[in-house]
Amino acid sequence: MDAMPINDGLPSNVTAQLHNVTRPKASSTVVCYSPMMITTNGIWQGLNPLEFSLPLFILQTAIIVVTTRFLVLVLRPFRQPRVIAEILAGVLLGPSVMGQIETWAIMVFPQRSLLTLETVAHLGLLYFLFLVGLEMDVDVIRRSGKKALFVAIAGMALPFCMGIATSFIFRHQVSRNVHQTSFLLFLGVALSVTAFPVLARILAEIKLLSTELGRIAMSAAIVNDMCAWILLALAIAISEVDSAAISSLWVLLSGVLFVLFCFYAVRPAMWWVIRRTPEGEGVSDVEVTLILTGVMLAGVCTDAIGIHSVFGAFVYGLVIPTGTLGVALIDKIEDFVTGLLLPLFFAISGLRTNIRRVSDPVTVGLLVLVFVMASFAKIMGTIIIAALYTMPFREGIALGFLMNTRGLVEMIVLNIGRDKEVLDDESFAVMVLVSVAMTTLVTPVVTGVYRPSRRLVGYKRRNLQRIRHDSELRMLACVHITRNVPSVLSLLELSNPSKRSPIFIYALHLVELTGRASNMLAAAAASSASKQSRSGTGSSLPPVTEHIFNAFENYERHTGGVSIQTLAAVSPYQTMHEDVSVLAEDKHVSLIVVPFHKHQTVDGGMEPINPHVRGFNESLLSASPCSVAILVDRGLSAAAARMATEHHVALFFFGGPDDREALAYAWRMVETPGVTLAIVRFLPPDYRARSVSASAYRPSSVGSDARAITISTEGKSELEMDEDYLNDFRSRNHGNGAISYSTRTVANGEETVAAIRGMDTSLHELYIVGRRPGEAGSPMTAALEDWMENPELGPIGDMLVSSDFSAAVSVLVVQQYVVAEAPAPVPAPAATSDPVRQYVSNANQRPASGAYRPTATAANSRWSGSGGGAVGY
């Protein structure tokens with residue numbers, strides 16, 4: 001292509017700028033672009049599609065996204081953040097590895113194609129920084145307290161000063177052929193920054209997001225990030241070495257005016273949009289489009305000022321209030337930006353990182369030394385602040401490493417520094433690699449150093465049978481969606497909340513961790529937001545969590561004898577049961593209530609809500625440190641049922657620990673005014689009642705928990721314990737007209753089904769059953785176990801919710817956590833394909849004496865404990 005004079009028909013100042021841009025530089029090459037080669041007419045005309053910009057760009061994007069996703073899967077077992085995979089994918093596709101193949105470098109990533117790729121990558125970067133600003137809550141600086149503020153200041157000032165000082169000492173080796181002042185400033189910013197988005201994902205992955213350490217780290221990272229953007233703007237202004245000092249001053253003043261305009265003009269406009277949106281409705285598409293267009297306008301403004309365009313997008317996102325508007329914007333663009341566009345930016349960084357350019361070992365060694373010294377200064381500064389606030393030494397080390405999380409912001413700083421020729425290729429490559437290495441170390445070091453102190457003192461009230469029916473009850477109620485809330489509240493209403501027998505409810509909203517930022521911060525926001533702080537405007541909670549919390553708190557205000565604490569947990573469904581179990585043990589909960597994974601449809605059928613909820617329920621049954629109840633809502637949450645003055649509950653009693661636990665809960669329910677209880681006991685034909693000389697349930701001895709019941713199970717079979725508990729229940733409720741007791745004699749599963757079908761189901765609104773009724777292999781239920789669709793409900797619960805059972809009655813399936821006063825060696829259980837059946841064998845066994853372990857009886861071998869070593873919980 002013939003070269004054309006660049007000054008034809010152009011103003012002199014534009015000509016000068018073009019000449020300045022196109023002149024050969026030490027670190028760049030001159031590339032000519034053809035303006036017409038966009039699309040191809042096809043391979044059948046002998047044309048190569050990769051010689052045209054659009055097909056080549058599409059292929060490059062596909063390769064980058066696929067490579068990134070593959071590395072994410074490879075690094076997932078090592079619990080590495082996604083940013084590591086994205087940076088490594090860029091390095092892998094760049095000249096360091098694949099670029100060494102000549103065909104790959106010429107055909108797939110030629111120099112002429114990088115202009116298009118880099119333009120789209122920076123557009124994606126623009127919107128990602130807008131999302132980062134959206135996720136940040138400006139008010140968090142005010143709410144974070146002095147501890148987080150001092151951690152942020154120490155985490156920035158010390159590494160900044162240490163990095164600049166060390167670099168200045170070795171300036172002749174590490175900053176050759178570049179402007180030294182600008183180099184020191186850019187290096188100081190890159191060394192002192194903490195990547196807020198990456199830190200949030202690491203904390204969520206290692207389950208520290210809702211802990212005190214996680215909240216301090218998140219608050220400090222937000223403050224750190226905001227300070228880093230200020231320093232970056234300052235560094236960009238000063239780095240204009242070819243311009244006069246007055247130009248840098250104008251750049252800074254214009255940047256300050258832009259920030260003030262965003263906060264005092266754009267933010268009120270956004271509040272106006274929120275106020276004019278009717279409650280319960282979303283923001284209109286026109287408003288969303290205009291706001292997203294504003295991202296590009298903000299980028300153009302800051303780019304015209306002389307600061308990088310991403311600064312404008314970040315500030316623009318920062319001024320948009322959190323809440324419905326922010327969530328709507330995130331939902332619209334997050335998946336597209338983070339999944340498709342953002343990997344392009346990391347690929348560009350990787351294409352610029354040429355490890356083969358790293359040739360001088362002295363320079364490399366000194367740069368690594370500078371990085372290590374700065375990281376050490378950040379850790380030491382954090383440890384000093386932690387010591388001043390009497391935090392444990394291990395927490396200080398963990399917090400220091402968390403504050404050393406690197407990621408996108410540092411990549412932006414390094415790329416801008418390279419564009420402005422403040423960093424050369426060698427310094428750029430070394431800084432990218434050591435940043436990846438530092439971020440890779442964060443997760444294993446923090447998980448190894450920080451071990452949250454757990455109270456290992458066991459509590460006796462792990463099931464309802466061990467506590468008095470009229471004493472206080474600690475319950476953990478889990479909800480996934482707003483539809484679960486009414487049924488849980490209806491169950492609480494039936495549980496006799498009163499001043500004499502108060503109920504302490506921990507209402508836990510379970511949110512699936514999908515890697516999206518829109519749900520990443522829900523746990524931190526929920527755990528740090530008190531009722532008073534959320535009563536004002538501008539709550540940072542997601543709308544669904546806010547609605548769930550408000551429903552429980554309204555119930556608490558209008559009901560006596562109930563104390564509710566609202567919490568949220570963000571976790572993958574595969575490990576969500578661990579969070580629930582830890583919370584239940586920390587709060588000394590006696591019962592966990594979880595919703596069934598199906599809900600009732602309009603025609604009376606049952607359809608799944610979320611397939612992962614079923615796996616969560618099964619895992620919780622296996623690992624819970626206390627009793628668990630699964631609530632199947634088939635009308636219990638209806639307004640008519642909740643407003644009724646009388647409630648009819650039926651209990652099917654076959655025997656065994658779970659049925660005794662169900663009776664213990666029903667005992668509490670029958671104390672509620674207006675509740676009637678019908679107990680139906682199923683007996684085999686050869687059953688003969690055994691006389692019991694003394695009740696096994698007696699008040700606790702002096703000095704023990706007066707609210708608990710001492711259980712004497714030594715030498716008793718399951719059948720004898722059933723008789724003991726039933727006799728005690730009947731003797732204490734003698735003359736209570738709200739309780740009816742009847743028996744059914746059944747020989748097999750068919751007769752059991754016929755007996756239940758023959759009952760008048762229109763009278764009852766709730767059935768209570770045990771998950772494992774009767775003895776193991778009992779003929780009354782053995783046949784039903786072979787046809788179970790939902791093993792987590794047990795044979796009777798599964799039958800009651802099946803489509804074959806015509807009555808649409810809500811069901812509460814209870815599983816007891818069996819405890820004993822002293823552990824005894826027991827034979828190992830037989831192998832079974834159902835891990836939930838062995839929940840007592842595997843869950844929460846302690847090596848200390850007096851620990852609570854599952855008991856083993858001759859009559860019911862499937863409740864046996866493991867004969868091996870105990871697993872500390």
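The values are calculated or read from the model by the stated rules, or taken from the named source; none is laboratory data. Please read these numbers as outputs of a predicted model, since none were measured by experiment. Glycine also receives a Cβ, built like all others from the backbone with ideal geometry; neighbour counts cover every protein chain displayed. Accessible surface areas use protein heavy atoms only, side chains included; no ligands, DNA or RNA. Shrake-Rupley method; radii C 1.70, N 1.55, O 1.52, S 1.80 Å.
Of all residues in the range 306-329, which are touching a Cys at 6+ places or on another chain (Cβ under 8 Å) and either more than 16 Å from HIS122 (Cβ to Cβ) or surrounded by fewer than 21 Cβ atoms within 10 Å (Cβ to Cβ) (or both)?
As a first pass, look at the range 306-329 and keep what is touching a Cys at 6+ places or on another chain (Cβ under 8 Å): 312, 315-316, 318-319.
The answer is VAL315, LEU318, VAL319.
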Within the range 759-799, take every residue that is among the polar types (S, T, N, Q) and in contact with a Pro (Cβ under 8 Å, 6 or more places away or on another chain) and give me the one that is nearest to VAL811 (Cα to Cα). THR781
Give all pairs with beta carbons closer than 7 Å in which a residue from the range 195-220 that is at pLDDT 80 or above meets a residue that is of a type in the set (S, T, N, Q) and open to solvent by less than 20 Å² (accessible area, probe 1.4 Å); count only pairs at least 6 apart in sequence or on separate chains. ALA195/THR405; VAL198/THR405; VAL198/THR439; LEU199/THR405; ILE202/THR405; ILE202/THR443; ILE206/THR443
With the condition being open to solvent by 10 Å² or more (accessible area, probe 1.4 Å) and under 12 Å from PHE654 (Cβ atoms), I'd like the strands (runs of 3 or more DSSP E) fully within the range 723-821 carrying at least 2 qualifying residues. 739-745
Among (1) open to solvent by 70 Å² or more (accessible area, probe 1.4 Å); (2) without any contact (Cβ under 8 Å) to a residue 60 or more places away in the chain; (3) of a type outside the set (Ser, Thr, Tyr), where does ARG79 come up short? (2)
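Kindly establish whether ARG352 is within 30 Å of SER247 (Cβ to Cβ), touching a residue at least 24 places away in the same chain (Cβ under 8 Å), among the basic types (Lys, Arg) and buried (at least 18 other Cβ atoms within 10 Å of the Cβ). Can you show your working first?
On the way: within 30 Å of SER247 (Cβ to Cβ): yes; touching a residue at least 24 places away in the same chain (Cβ under 8 Å): yes; among the basic types (Lys, Arg): yes; buried (at least 18 other Cβ atoms within 10 Å of the Cβ): yes.
Judged against the criteria, ARG352 is a match.
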Which listed residue, of ALA640, ALA678, is at pLDDT below 85, farther than 30 Å from TYR573 by Cβ and either part of a helix (DSSP H, G or I) or of a type in the set (A, V, I, L, M) (or both): ALA640
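Criterion first (on the phi < 0 side of the Ramachandran plot, at pLDDT 90 or above, open to solvent by less than 50 Å² (accessible area, probe 1.4 Å) and not in a helix (DSSP H, G or I)) does THR382 satisfy it?
Details: on the phi < 0 side of the Ramachandran plot: yes; at pLDDT 90 or above: yes; open to solvent by less than 50 Å² (accessible area, probe 1.4 Å): yes; not in a helix (DSSP H, G or I): no.
Here the answer is no, as THR382 does not meet what is asked.
How many residues are of a type in the set (A, V, I, L, M, F, W, C) and either under 21 Å from TYR687 (Cβ atoms) or under 31 Å from the mean Cα position of the chain (by Cα) (or both) when one looks only at the range 780-800? Spell out the reasoning first.
So in the range 780-800, the residues of a type in the set (A, V, I, L, M, F, W, C) come out as 780, 782-784, 787-788, 793, 796, 799-800.
Within this subset, residues satisfying the condition of being either under 21 Å from TYR687 (Cβ atoms) or under 31 Å from the mean Cα position of the chain (by Cα) (or both) are 780, 782-784, 793, 796.
Total satisfying the criteria: 6.
Out of the residues in the range 584-596 that are touching a strand residue (DSSP E or B) at 6+ places or on another chain (Cβ under 8 Å) and modelled with pLDDT under 90, state the one that is nearest to ASP658 (Cα to Cα).
Ranking the qualifying residues of the range 584-596, first place goes to HIS588.
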Being open to solvent by less than 10 Å² (accessible area, probe 1.4 Å) and either under 22 Å from CYS262 (Cβ atoms) or at pLDDT below 85 (or both) narrows it down to one residue among ASP242, ASP225; which is it? ASP225
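Name the single residue, out of those in the range 545-558 being open to solvent by 40 Å² or more (accessible area, probe 1.4 Å) and touching a helix residue (DSSP H, G or I) at 6+ places or on another chain (Cβ under 9 Å), that is modelled with the highest pLDDT.
Step one: filter the range 545-558 for residues open to solvent by 40 Å² or more (accessible area, probe 1.4 Å), giving 547, 550, 554, 556-558.
Next, only the ones that are touching a helix residue (DSSP H, G or I) at 6+ places or on another chain (Cβ under 9 Å) stay: 547, 550.
Numbers: HIS547: 87, ASN550: 90.
Of everything passing the filter in the range 545-558, ASN550 is modelled with the highest pLDDT.
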Could you grab the pairs with beta carbons closer than 7 Å, sequence gap of 6+ or different chains, first residue in the range 602-630 and in contact (Cβ under 8 Å) with a residue 24 or more places away in the chain, second one basic (Lys, Arg) and surrounded by fewer than 22 Cβ atoms within 10 Å (Cβ to Cβ)? MET606/LYS598; ILE609/LYS598
Residues that are out of contact with any Gly (no Cβ under 6 Å at 6 or more places or on another chain) and without any contact (Cβ under 8 Å) to a residue 24 or more places away in the chain: which helices (runs of 4 or more DSSP H) entirely in the range 272-338 hold 2 or more of them? 285-305
By residue number, the members of the range 591-616 that are more than 21 Å from VAL485 (Cβ to Cβ), outside any helix (DSSP H, G or I) and open to solvent by less than 50 Å² (accessible area, probe 1.4 Å) are GLY604, GLY605
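Considering only residues that are part of a loop (DSSP other than H, G, I, E, B) and surrounded by fewer than 20 Cβ atoms within 10 Å (Cβ to Cβ), which ones fall in the range 643-675? Give the derivation first.
Pass one, the range 643-675, residues part of a loop (DSSP other than H, G, I, E, B): 644-646, 654-656, 671-674.
Correct list: ALA644, THR645, GLU646, GLU671, THR672, PRO673, GLY674.
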Scan the range 385-413 residue by residue and report those that are part of a helix (DSSP H, G or I), of a type in the set (Val, Ile, Thr) and open to solvent by less than 30 Å² (accessible area, probe 1.4 Å). ILE385, VAL409, ILE412, VAL413
